[in-house]
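Trainee: The structure follows.
The values are calculated or read from the model by the stated rules, or taken from the named source; none is laboratory data. Just so it is clear, the model here is predicted, and its values are computed rather than measured. Glycine gets a Cβ as well: all are built from the backbone with ideal geometry, and neighbour counts include every protein chain shown.
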Amino acid sequence: MLMLTEANLLLLDAPTNHLDVESIEALEDALADFEGTVVLVSHDRALLRGVATRVWALEAGAIGEFEGSFPEWEEYAATRAAARERERREAGEAAQAARTRSQPRKPEPDRQRTTLRRRLRAVVEEAEQEVRRLEVQLAELESALADGSLYLDGEGVRRAAELTAQREELRVQLGQRLTAWEQAAEALEAAEG
């Protein structure tokens with residue numbers, strides 16, 4: 001009904017919360033054909049991936065603007081989160097190094113073993129985080145591919161083929177990261193034993 005009023009601006013707050021799949025698809029189609037501006041607030045990632053061309057994200061009490069599609073923003077946000085985690089870890093390591101410098105020095109072999117264990121723990125943690133990130137991405141792709149509406153037209157079938165290729169690539173990456181994680185964990189266990 002909103003589309004028929006010929007408005008040039010629509011404000012939608014969680015429009016898919018109580019809709020069935022067919023209604024959501026109809027809404028997506030209507031939004032794609034709408035020639036005006038749509039401000040959309042939603043937690044429905046599938047809807048956002050399908051229609052958002054610019055993202056305003058509320059983070060740490062401030063609104064940040066990202067000029068790009070929602071999938072591009074998700075990639076950007078994941079990269080930023082990884083960078084923040086790396087900075088947090090490095091700050092913790094620097095603090096630990098400062099505490100270590102104030103302690104009496106251990107004999108050289110013990111210090112080398114401690115350094116090796118610390119490095120191996122960092123490798124294990126980083127590999128574990130990467131595995132978690134890949135598992136989340138894989139679950140999102142699986143969810144998108146499970147959506148029956150994806151296969152209703154030629155464009156959807158083309159998109160499904162792209163998503164399937166991405167899924168296979170992610171599966172390969174996940175397998176490699178799992179192997180690296182297992183090897184690092186085994187090396188750490190041996191160093192601690």
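Trainee: Tell me whether region 81-96 contains one or more residues that are modelled with pLDDT of 80 or more, out of contact with any Gly (no Cβ under 7 Å at 6 or more places or on another chain) and not in a helix (DSSP H, G or I).
Mentor: The answer is no; no qualifying residue exists.
Trainee: Name the one entry in 99, 177, 132, 167 that is over 30 Å from residue 22 (Cβ atoms) and crowded, with 16+ Cβ neighbours inside 10 Å. Even if it seems obvious, please write down each step before you answer.
Mentor: Working: 99 fails: crowded, with 16+ Cβ neighbours inside 10 Å; 132 fails: crowded, with 16+ Cβ neighbours inside 10 Å; 167 fails: over 30 Å from residue 22 (Cβ atoms).
Criteria check complete, one pass: 177.
Trainee: Another question, then. Restricting attention to region 180-193, and to residues there that are free of Cβ contacts under 8 Å to residues at least 24 places away in the same chain and in a helix (DSSP H, G or I), which single residue is surrounded by the fewest Cβ atoms within 10 Å (Cβ to Cβ)? Spell out how you get there, then give the answer.
Mentor: Going residue by residue through region 180-193, those that are free of Cβ contacts under 8 Å to residues at least 24 places away in the same chain are 182-183, 186, 189-190, 193.
Next, only the ones that are in a helix (DSSP H, G or I) stay: 182-183, 186, 189-190.
Details: 182: 12, 183: 13, 186: 12, 189: 11, 190: 9.
Top of the filtered list is 190.
Trainee: Which of the residues that make up region 10-66 are within 19 Å of residue 156 (Cα to Cα) and under 20 Å from the mean Cα position of the chain (by Cα)?
Mentor: If the condition is that a residue be within 19 Å of residue 156 (Cα to Cα) and under 20 Å from the mean Cα position of the chain (by Cα), then 44, 45, 46, 47, 48, 49, 50, 51, 52, 53 are the ones that fit.
Trainee: Select, from 122, 144, the only residue that is surrounded by 11 or more Cβ atoms within 10 Å (Cβ to Cβ), within 29 Å of residue 85 (Cβ to Cβ) and in contact (Cβ under 8 Å) with a residue 60 or more places away in the chain. Give the derivation first.
Mentor: Values: 122 fails: in contact (Cβ under 8 Å) with a residue 60 or more places away in the chain.
None of the others qualify; the one that does is 144.
Trainee: Still on this model: Would you mind stating whether residue 58 is under 25 Å from residue 76 (Cα atoms), at pLDDT 85 or above and in a strand (DSSP E or B)?
Mentor: no
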